[in-house]
1. Mind checking whether some residue in the stretch 100-112 is farther than 20 Å from residue 18 by Cβ, modelled with pLDDT of 90 or more and touching a strand residue (DSSP E or B) at 6+ places or on another chain (Cβ under 8 Å)?
2. Just for the stretch 79-95: of the residues that are touching a strand residue (DSSP E or B) at 6+ places or on another chain (Cβ under 7 Å) and within 15 Å of residue 111 (Cβ to Cβ), which one is surrounded by the most Cβ atoms within 10 Å (Cβ to Cβ)?
3. Got a sec? Which of 24, 65 is out of contact with any strand residue (DSSP E or B) (no Cβ under 6 Å at 6 or more places or on another chain), assigned to a helix (DSSP H, G or I) and touching a residue at least 60 places away in the same chain (Cβ under 8 Å)?
4. Out of the stretch 60-78, which residues are in contact with a helix residue (DSSP H, G or I) (Cβ under 7 Å, 6 or more places away or on another chain) and surrounded by fewer than 17 Cβ atoms within 10 Å (Cβ to Cβ)?
5. Of (1) at pLDDT 85 or above; (2) over 17 Å from residue 110 (Cα atoms); (3) in contact with a helix residue (DSSP H, G or I) (Cβ under 8 Å, 6 or more places away or on another chain), residue 50 satisfies all except one. Which?
């Protein structure tokens, strides 16, 4: 009986840890995607024109879906500064993820950002 109790406790701890770890891991990977996008959008290789703010926003929404992050377009901010080789794209996303535990719900808030520099 004692072993069953400890097995239930260990399984419960693992379950709760995973409920918090999964959104955290998704946010870290999504942050990397934002960094890659901002860097690529800021650089000008001459092969294609830079993406518009709406194109970037659509790409971000699509990538977020890949991590099970549900976003509205108004939650994605795209800002540009500078021109030419000095162009910088700043991406910011603000979202929350509910974590449902037995008898309790916790809301995690995430605000990943990325500032990509243009090519030097």
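1. Within the stretch 100-112, the subset farther than 20 Å from residue 18 by Cβ is 111-112.
Of the ones still in play, those that are also modelled with pLDDT of 90 or more are 111-112.
So of that shortlist, the ones also touching a strand residue (DSSP E or B) at 6+ places or on another chain (Cβ under 8 Å) come out as 111-112.
Among the residues of the stretch 100-112, at least one is farther than 20 Å from residue 18 by Cβ, modelled with pLDDT of 90 or more and touching a strand residue (DSSP E or B) at 6+ places or on another chain (Cβ under 8 Å), which makes the answer yes.
2. First, pick out the residues of the stretch 79-95 that are touching a strand residue (DSSP E or B) at 6+ places or on another chain (Cβ under 7 Å): 79-82, 87-93, 95.
Keeping just the survivors that are within 15 Å of residue 111 (Cβ to Cβ) gives 79, 90-93, 95.
Numbers: 79: 11, 90: 17, 91: 25, 92: 17, 93: 23, 95: 19.
Here the residue is 91.
3. Details: 65 fails: touching a residue at least 60 places away in the same chain (Cβ under 8 Å).
Just one listed residue meets the conditions, 24.
4. Scanning the stretch 60-78 gives 67, 68, 73.
5. With (1) at pLDDT 85 or above; (2) over 17 Å from residue 110 (Cα atoms); (3) in contact with a helix residue (DSSP H, G or I) (Cβ under 8 Å, 6 or more places away or on another chain) applied to residue 50, the lone miss is (1).
The values are calculated or read from the model by the stated rules, or taken from the named source; none is laboratory data. Not measured: the values here are computed from a predicted model. As a convention, Cβ positions derive from the backbone with ideal geometry for all residues, glycine included, and neighbour counts pool all protein chains shown.
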